[in-house]
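These notes are about the structure you will find just below.
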Amino acid sequence: MTSKENAEQIAQILEDKKAEDVQVLHVGDKTIVADYFVICSGHSVPHVKTLCDEVDEKVKEHGLDIKKLRTDGYNDGRWIVMDYGNILIHIFHPDEREYYNLERLWS
């Protein structure tokens with residue numbers, strides 16, 4: 001699978017778990033950090049953490065050929081970043097998503 005296909009599969013996993021406003025952004029032409037950002041919101045801190053846990057579980061279950069390098073922000077549950085190499089997953093609490101507005105910054 002390509003990075004784009006993996007990012008789209010992750011977006012679907014998040015949508016299936018009721019993530020809000022899921023977006024896949026191609027950022028490979030703007031940064032060397034990643035090729036794609038998958039951005040979404042959970043409606044509460046527990047939901048944000050649940051979305052992170054779901055991605056961890058389903059990536060393995062779906063046999064995606066990607067490996068998680070690290071996760072940051074899980075304890076607070078306000079903005080979790082999951083680093084899968086070419087794909088960064090940003091799971092936000094709605095307040096943080098509105099404040100940081102990554103879509104505007106990276107589009």
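Please treat every number below as a calculation from the coordinates, not as lab data. No experiment lies behind these values; they were computed from the predicted model shown. When we count neighbours, we look across all protein chains shown, and the Cβ atoms used for this are built from the backbone with ideal geometry, even at glycine.
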- request: Please specify each residue of the range 49-71 satisfying the condition of being surrounded by 13 or more Cβ atoms within 10 Å (Cβ to Cβ) and of a type in the set (Lys, Arg).
  value: 49, 58, 68
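So, in the range 5-29, exactly how many residues are among the small types (Gly, Ala, Ser) and touching a helix residue (DSSP H, G or I) at 6+ places or on another chain (Cβ under 6 Å)? Give the derivation first.
Initially, the range 5-29 is screened for residues among the small types (Gly, Ala, Ser), giving 7, 11, 19, 28.
Narrowing the set further to residues that are touching a helix residue (DSSP H, G or I) at 6+ places or on another chain (Cβ under 6 Å) leaves 19.
Summing the residues that are among the small types (Gly, Ala, Ser) and touching a helix residue (DSSP H, G or I) at 6+ places or on another chain (Cβ under 6 Å) in the range 5-29 gives 1.
To keep it simple, each residue is scored yes or no on (1) assigned to a helix (DSSP H, G or I); (2) more than 16 Å from residue 8 (Cβ to Cβ); (3) touching a strand residue (DSSP E or B) at 6+ places or on another chain (Cβ under 7 Å).
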site: 43; (1), (2), (3): no, yes, yes
site: 46; (1), (2), (3): yes, yes, no
site: 67; (1), (2), (3): no, yes, no
site: 97; (1), (2), (3): yes, yes, yes
task: Search the range 23-44 for residues that are in contact (Cβ under 8 Å) with a residue 40 or more places away in the chain and within 13 Å of residue 105 (Cβ to Cβ) and pair each with any residue that is surrounded by 20 or more Cβ atoms within 10 Å (Cβ to Cβ) and aromatic (Phe, Trp, Tyr) when their beta-carbon atoms are under 7 Å apart and the residues are at least 6 apart or on different chains.
output: 25/36; 25/37; 27/36; 27/37
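Across the range 72-84, which residue is surrounded by the fewest Cβ atoms within 10 Å (Cβ to Cβ) among those that are within 12 Å of the chain's Cα centre (by Cα) and not acidic (Asp, Glu)? Write out each step before concluding.
So the first thing to find is which residues in the range 72-84 are within 12 Å of the chain's Cα centre (by Cα), and the list is 72, 79-84.
Within this subset, residues satisfying the condition of being not acidic (Asp, Glu) are 79-82, 84.
On the way: 79: 19, 80: 24, 81: 16, 82: 23, 84: 23.
Filtering first and then ranking leaves 81.
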task: Give the residue that is farthest from residue 54 (Cα to Cα), with candidates limited to residues of the range 85-103 that are free of Cβ contacts under 8 Å to residues at least 60 places away in the same chain and within 8 Å of the chain's Cα centre (by Cα).
output: 88
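Provide a single number: the residues in the range 45-66 that are touching a residue at least 12 places away in the same chain (Cβ under 8 Å) and of a type in the set (Lys, Arg).
The qualifying residues number 2.
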